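The values are calculated or read from the model by the stated rules, or taken from the named source; none is laboratory data. Since this is a predicted model, take the numbers as computed values, not measurements. Note that we place each Cβ from the backbone using ideal geometry, even for glycine, and neighbour counts take in every protein chain shown.
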Amino acid sequence: MSLGELLPMTMANDLPGVSSQELRNGVVLQWVAEGVLRIDPPILGTRHLLISAGVHGNETAPVEILDRWLRRIVAGEIVPRQSLMLILGNPAALRAGTRYIERDMNRLFNGAHLLGFGFEGRRAALLERLASSFFEGATAGLHYDLHTAIRNSRFEKFALYPWRPDHTLPNSEYLQLAEAGIQAVLSHDRPGHTFSAFTSLIPNVESFTLELGKARPFGENVGLDTVAFEQAITALSEGREVVVNPDLALPPRMQVANSLIKLSDSFHFHLDDEVENFKPLAPGALIAVDGSQRWYVEHDRAYLLFPNPRVAIGQRAGLIVVHAD
Ligand SMILES: [Zn+2]
């Protein structure tokens, strides 16, 4: 298969016939590793762009976006002026149609893989090395790690901005996300073990985890509108400034107020199971109980994000988030 068929090749667990391929416009595709492709324009740009999807294997909409986008590059409809790296994060889980095989890979970055964790740990270590060498030598870099969420959300598309010491979200990045159709931007309050948390620590690289809707199997993502997002990454790859429409409603900026860490198997929420992401919480309400530990809502205009009582003990079972402005 040709390099433009990264997704079918990965799904078939196949190797490409050639390891590099030059398009008629001079753009060069290079196979780096399973599920990883590098794309370079003839004249190298200054801001490298990494787009990853499928770090969770059952989150197919972003994988389809990546596949569609790559085919437009190969067809010459999009002419990159920046170096790009496209990554399908967890090929084995993609083939199995599951979130992960042994361990949730998006908890294994930033050194967590050094504790072992088998197949996903090795893959996280490989992606760290590939992302680091990709951004080496670039004046600046941007990483969008694309996901879809397990449950429904009041904001269908939202961004998570990793925590970094003494660093706040640049306004230009925020406006770019707004133009890409992102409806809320949440800043983390502590270091994490996600792919974007890893790349955010590379000098001059801005990184985001983007949630682009709800997780569904391949072929069932119709109705999810990602046109604005695809236009935005096209503009970025072509080295164009993203033009922000002055009438655009700007997404709320939020920050994490509290992380609910599961302490034991008796952890449970005082909310119904189908609760959506960004559910508004009444001040003073009891949210969760774990033995003698009780979590109450301590802030005005607080919301619950990623509630999941089935995580492993010691992992985050949910986040309480609040408005940052
Ligand atoms: Zn995910």
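For this structure, a couple of remarks:
- Residues that are more than 20 Å from F218 (Cβ to Cβ) and surrounded by fewer than 19 Cβ atoms within 10 Å (Cβ to Cβ) do not occur anywhere in segment 85-100.
- Considering the conditions (1) out of contact with any Ser or Thr (no Cβ under 8 Å at 6 or more places or on another chain); (2) within 20 Å of K157 (Cα to Cα), N277 is excluded by exactly one of them, (1).
- Helices (runs of 4 or more DSSP H) wholly inside segment 1-111 containing at least 2 residues that are within 16 Å of the ligand (Cβ to nearest atom): 60-74, 91-96
- Out of L177, L212, L160, sole residue that is away from the ligand (no atom under 16 Å from the Cβ), on the phi < 0 side of the Ramachandran plot and in contact with a strand residue (DSSP E or B) (Cβ under 6 Å, 6 or more places away or on another chain): L177
- Among the residues of segment 180-203, the ones that are closer than 19 Å to L86 by Cα and either within 16 Å of the ligand (Cβ to nearest atom) or surrounded by fewer than 18 Cβ atoms within 10 Å (Cβ to Cβ) (or both) come to 6 in all.
- Residue within segment 130-142 that is surrounded by 19 or more Cβ atoms within 10 Å (Cβ to Cβ) and within 16 Å of the ligand (Cβ to nearest atom) present: no
- Selection count, segment 228-248, where residues are touching a residue at least 60 places away in the same chain (Cβ under 8 Å) and either of a type outside the set (D, E) or touching a helix residue (DSSP H, G or I) at 6+ places or on another chain (Cβ under 9 Å) (or both): 12
- Tally, over segment 198-218, of residues that are farther than 24 Å from N277 by Cα and not in a strand (DSSP E or B): 7
- Test: F269 is in contact (Cβ under 8 Å) with a residue 12 or more places away in the chain, at positive phi and not assigned by TED's automatic domain parsing to the domain that holds G192: no
- Lone qualifier among R72, R38 - being of a type in the set (D, E, K, R) and out of contact with any strand residue (DSSP E or B) (no Cβ under 9 Å at 6 or more places or on another chain): R72
- L169 being within 16 Å of the ligand (Cβ to nearest atom), at negative phi and either surrounded by 14 or more Cβ atoms within 10 Å (Cβ to Cβ) or not assigned by TED's automatic domain parsing to the domain that holds A140 (or both): no
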